[in-house]
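Since the structure comes first, as structure tokens, the remarks are kept for the end.
Bear in mind these aren't lab numbers, they're just calculated from the coordinates by the rules spelled out. Nothing here was measured: the structure is a model prediction, and the numbers come from that model. Note that we place each Cβ from the backbone using ideal geometry, even for glycine, and neighbour counts take in every protein chain shown.
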Amino acid sequence: MTIPYNSPLFFAIFLPSVAILYQIMPKKYRWAVLLVADYGFFFVWSKILLLYNVATTFMTYLFARKLSSMKKAPEGTDRKVFKKRKHRILVLSVLLNLAVLAVLKYTNFIGSSVMELFGGTFTALKIAVPIGISYYTLQCISYLSDVSNKKIEAENNYFKLALYTSFFPTILEGPITRFGDMAENLFAGHSITPENLSQGYERIIWGLFKKMIIADHLAPVVTSIFTKHTDNGGLCLIGAVFCTIQLYMDFAGTIDIAIGTGKIFGITITENFRQPFFAKNAGDFWRRWHITLGTFFRDYIFYPVSLSRPVQNWTRKLNASGHKSAARYLGPAIALLFVWLANGFWHGPYWTYVLYGVYYYFFMIFEMFTEKPFEAWCGRHHLDINGWQVRTFRFIKLFFIVIFGEMFFRAATFADGWKMFSNIFVNFNWKGCISILPNLGMNKWEYLMVSMAFVVVIIISVLKEKHYPIRAKFEKLPTAARWAVLYSLIFAIILFGAYGPGYDAVAMMYAGF
Amino acid sequence: MTGNFQKWKKIIIFLVLFCLLLIAGSLPFYSLRSMGYQFVSIGQKDRMIKKEKDNSLDALFFGDSQCLTAFAPVKLFGEYGITSYNCGTEGEWIGDTYILMQKALEKQNPSMIVLETSALYSKPSKIKYYLSQRLPIFHYHDFYQSPKKKIGDEAAKGSNMITRVIPYQGDDSKMSEEEPADEISSVNIDYLNKIYQLCQEKNIILMLATALSMIDWTNGKHKAVEEWSNANNVTYVDYNESDNLKQINFDWSFDTRDGGVHVNVFGAKKLTLDIGKRMLELYPFVDHRDDENYADWEYLYTKDDYYQ
């Protein structure tokens, strides 16, 4: 048995039960209710594998305590030696965290890749992986690093740290939160207020709307195209667009549910999306899509690599030899390579994901070199950089970068992805694809309904992008109007959601990463 | 404090009103309950059966995936000239079998119905079924949906025939284990009686059959079905019994598609060959093989080596 966020078991039974227990508990023990709920939720999903989370948290707890105790070099000890020792402890703790992740998630990948290289055969091992390991491992690493850098104090209570590393609203798909942002609210035991309860559930409803009406309806069509119709270029293009929409609606919808759940308990969870399709380029896209993963890589890979001694030395040498522009780009180029390889590997033990990382690395570098010349070119041709022409051009460019990226990301192998990509150019049969489309798991009514829901999401996204105060305006509406909107959303989910007979439950897509 | 009380009151009123709207919203969906609990697959199969010429089928096979995979109507025609249709659907519950049977008999007048017995032991979850009857808006909300997967093949007259071989590797002693009868639930027995009644009213011979399954079927289930069939004088054949297994020369290492749960086309051919003989013992079916009106059946049988 599992409890996905989009099941009634979660939002109509589990969540209200936890909320009631939380509320009736004295304030100072409320965090303990959340911890019991976390472990209960984790156990339902992963059974005994919960022990991995417990062990990782305990190891992180001990290392953080040690790092925290090393505030100043003891008298008579060289500061540099002391700093080095502290750094080594931090590196060891991070490596141990990564080792658990690597063994559980990447053993088969590494084994089969090595054997492929040397021509042997590798028998895949059956390794059970606990839920959320990719998420809580990164949280542990950020916690250790922040403690080491004295950004936060190490938590004295193991159980409180455990609450952070197993928090049930974020354990399945993130966002990847920081201890410093979460701790205060997480342990405060805020009372559940009517405002938080209604705002939390409103956000959950919005998430369900995205996931159950749009993403889950598109799921069988996307699966069908990627498995059975890779020869038709038209369908491949539609499949890539649908796959991108499905992934966004699924992931953003689930994050809405997570944020809404946190809100009920007065816990503010970091936003993970900011209208990514309104980005001006690929770099901007990744500052708006899976924001917490991006900021993690920025803070714990990009900056440390850019500022590392070898990179600084090479930059200095290039500067000294007169290659000033090369020197300017060297640090970011090296750091970005690490960031995007990590991004690819983080998504899972497949070469398609690694290539997905490399794909975006290529565009990041391309943009690094072309952004300034492009702006200059616009200036010379009297084109407003924020005008509609440039924005439209940027949107179309980004659209194709993203959908082709998702095509390779979703394809079973790189060869499959390449086949689909090339068929778009050599075997584009529009008529054939229009006739096949209604037979892939959605009929015309379902396409119409998904399109309407998609338009609603786009309108809200445009308003948010224009900084229109949707929440404040909504709160100011008369009660009857507010309720009408909410009832409409709820009944839209009940009537048009992809659940019940005929539907296979669609797993939350990012829970597998 | 008063402000908070007012806000909580509003939330409660919102929820009460929501419940009322839910009940009101369910009203238009009540009539859809006649589509069956698994209305998507039942509806899809009904549409498939309705594509057959009216009153052209001599026999109908009903049941769940065991039925769907075990009986090959095209083979039955090729061997005995009997026209039939496999009306099985995946995970079918006997309550839905009754609904599908009623729909199928609107346009067909078969002489015999073969009911595969596994559907007697499946049942929807109590809570889900209760909700589907009381608040049908949840269960039937997308009655217009497009089926997500095929349930049988029209060219195979409703059956699902595949050549994949995944052998059964366990022992074959399961059916020899002594165990008490595994009673069929009262709800399912009621539906079985209704089916029996319907067949009697329409003058159709009812036959019970259990397809081969090393995983799902037990001696206890066999006993319970046998008790019912003896009490109602209905012919029952269980292919899991060792004598029947030997008679049809069934090979567990070759004739199953998924490690002993369902048979593949090779197993289905053996079962169909045998059940055809038994059907002829119960009713003198006319052989349509040389009838020009059934040339399309002949074509399906001979177009490739699949059924030979």
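Points to keep in mind about this one:
- Only Lys, Arg, Asp and Glu carry charge here, each on its Cβ (+1 for the first two, -1 for the last two); on that basis segment A:270-365 has a dipole of about 380 debye about its Cα centre.
- Of interest is the spacing of the C-alpha centroids, which for segment A:200-253 and segment A:95-159 amounts to 29 Å.
- Listed residue (A:61, A:166, A:493) projecting farthest to the positive dipole end of chain A, Cβ model: A:61
- Of A:383, A:351, A:332, farthest towards positive along the dipole that unit charges on Lys, Arg, Asp, Glu beta carbons give segment A:284-402: A:332
- Integer Hz, Karplus 6.51/-1.76/1.60 couplings in order for segment A:274-283, x for Gly and Pro: 9, 6, x, 7, 9, 5, 8, 7, 4, x
- With eigenvalues of the C-alpha gyration tensor scaled by 5 and rooted, segment B:163-308, Å: 28, 25, 12
- Between amide H atoms placed 1.01 Å from N, distances below 5 Å from residue B:263 occur with B:257, all of them 5 or more places distant or on a separate chain.
- Residue among B:286, B:276, B:130 farthest towards the positive dipole end of segment B:36-307, charges placed on Cβ: B:130
- Of B:92, B:178, B:241, the one that fluctuates the most in a GNM where chain B has Cα springs shorter than 10 Å: B:178
- Segment A:260-292 and segment A:313-392: distance between their alpha carbon centers, rounded to Å: 22
- Highest-fluctuation residue, B:145, B:66, B:102 considered, GNM on chain B with Cα pairs under 10 Å: B:145
- The phi torsions of segment B:293-308, fed into the Karplus equation with coefficients 6.51, -1.76 and 1.60 and a -60° offset, translate into couplings of 5, 10, 4, 5, 5, 4, 4, 4, 6, 9, 4, 8, 7, 3, 9, 7 Hz, rounded to whole numbers, with Gly and Pro shown as x.
- Relative to one another, the C-alpha centroids of segment A:408-437 and segment B:86-129 are positioned 40 Å apart.
- Of the DSSP H helices in chain A, those whose Cα atoms cover at least 27 Å axially and whose Kyte score averages 0.5 or more: A:50-69, A:79-118, A:233-264, A:324-347, A:388-410, A:444-465
- The GNM of chain B, with springs linking C-alpha atoms under 10 angstrom apart, assigns the highest mean-square fluctuation among B:223, B:149, B:194 to B:149.
- Calculated P(r) of segment A:284-402 - Cα pairs past 26 Å, %: 33
- Within-11-Å neighbourhood charge of residue A:213 [Cβ basis; K, R +1; D, E -1]: -1
- Going from the residue with the fewest nearby Cβ atoms within 10 Å to the one with the most, B:115, A:172, A:62, B:300 rank A:62, B:300, A:172, B:115.
- Degrees between helix B:265-282 axis and first principal axis of chain B (Cα, 0 to 90, nearest 10): 80
- Here segment B:4-128 was treated as a single set of alpha-carbon atoms; its pair distances binned every 10 Å from 0 give 12, 34, 23, 12, 9, 6, 3, 1 percent.
- Distance cut-off 19 Å, percentage of C-alpha pairs in segment A:8-191 lying past it: 64
- Residue-averaged beta-carbon neighbours from other chains (10 angstrom radius) around A:191-198: 3
- Counting only chymotrypsin sites (Phe, Trp or Tyr not before Pro) that DSSP places in a loop and that have at most 13 other Cβ atoms within 10 Å, the longest clean stretch of chain B runs over B:1-143.
- Using Cβ point charges alone (K and R +1, D and E -1), the dipole size of chain B about the Cα centre works out to roughly 2060 debye.
- Where the Cα pairs of the protein assembly as shown fall when distances are cut into 10 Å bins, in %: 2, 10, 17, 20, 19, 15, 9, 5, 2, 0, 0
- Antiparallel bridges, percent of DSSP beta bridges restricted to the protein assembly as shown (to nearest 5): 10
- When only the Cβ of Lys, Arg, Asp and Glu is charged (+1, +1, -1, -1), the dipole of the protein assembly as shown relative to its Cα centre reaches about 5960 debye.
- Pairs of Cα atoms farther than 19 Å apart, segment A:421-494, %: 60
- Distances between placed amide hydrogens fall under 5 Å for residue B:235 paired with B:208, all partners being 5 or more residues away or on another chain.
- Cα-based values for chain B, radius of gyration first and Dmax second, are 22.4, 89 Å.
- Averaged over peptide A:490-498, the number of partner chain Cβ atoms lying within 10 Å of each residue's Cβ comes to 4.
- Under-5 Å amide H pairs with residue A:168, H placed in peptide plane, nonlocal only: A:38
- With 27 Å as the limit on Cα-Cα distance, the pairs of A:80/A:317; B:45/B:126; B:123/B:277; A:151/A:473; A:210/B:51 that go past it are B:123/B:277; A:151/A:473; A:210/B:51.
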